[in-house]
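Please treat every number below as a calculation from the coordinates, not as lab data. Note that the coordinates shown come from a computational prediction; the quantities given were computed from them, not determined experimentally. We place every Cβ from the backbone using ideal geometry, glycine too, and count neighbours over all the protein chains shown.
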Amino acid sequence: MIQITTKSVEETKEFGAELAKVVNPGDLILLCGDLGAGKTSFTQGFGLALGATCPITSPTFTLANCYEGDLVINHLDVYRLTHIEETRDLGLHELIDDQSVTLIEWGDVIAGALPCGYLEIRFNLGETSEERNVHLQIVGSEWEDRIESIEAIKEKMC
Ligand SMILES: Nc1ncnc2c1ncn2[C@@H]1O[C@H](COP(=O)(O)OP(=O)(O)OP(=O)(O)O)[C@@H](O)[C@H]1O
Ligand SMILES: [Mg+2]
């Protein structure tokens, strides 16, 4: 488990931009944490760094948005899913391919139904309204070769 603290929304976006530099095609990232924790803000920094020109907005009502950048960025929000069986309808097997990277807000809700390993990023409110404690956990083998790169991001952001 790696922990990073961000002290502003800009820092959370910067962290997203740094993580975008170590992403591989086909990667899956789960974004967890309460309403307003910073999941979409992170994705905005991440997408901008990958050259997405359209502004990234919350997909809470659309369930899934797709942005063209250096890679295709699939941005999902599964907050409204009520049954894990509904995960099938998301078509994750087709979505997660070697042209794209996929980020799922509230992804822990469907963790048991995912087709591959992932990086889980959990945002917790910090001591002040502008602070977030961010915990990163690698699940499965896909992200294992990036542990050192993520540690380096932590060092850079301290
Ligand atoms: N350090 C911080 N990191 C991220 N957001 C912060 C931080 N400090 C304050 N904020 C504010 O918290 C809010 C985060 O909103 P955001 O939409 O990113 O959350 P979310 O986790 O996607 O919420 P939801 O579950 O509703 O989709 C923004 O209004 C942002 O300005
Ligand atoms: Mg959001």
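This model, with +1 at the C-beta of Lys and Arg and -1 at the C-beta of Asp and Glu, gives region 2-157 a dipole about its Cα centre of some 280 debye.
To the nearest µm²/s, what D does Stokes-Einstein give for the chain at 37 °C and 0.692 mPa s, using the Kirkwood radius over alpha carbon pairs as Rh? Write down the numbers at each step before the final one.
On the way: Rh = 15.5 Å.
It comes out at roughly 212 µm²/s.
For the chain, the 222 nm mean residue ellipticity estimated from helices alone, with every DSSP H stretch of n ≥ 4 adding -39500 (n - 2.57) and the total spread over all residues, rounds to -7000 deg cm²/dmol. Packing order of peptides 92-98, 45-51, highest average first: 45-51, 92-98 (average count of other Cβ atoms within 10 Å over each peptide's residues).
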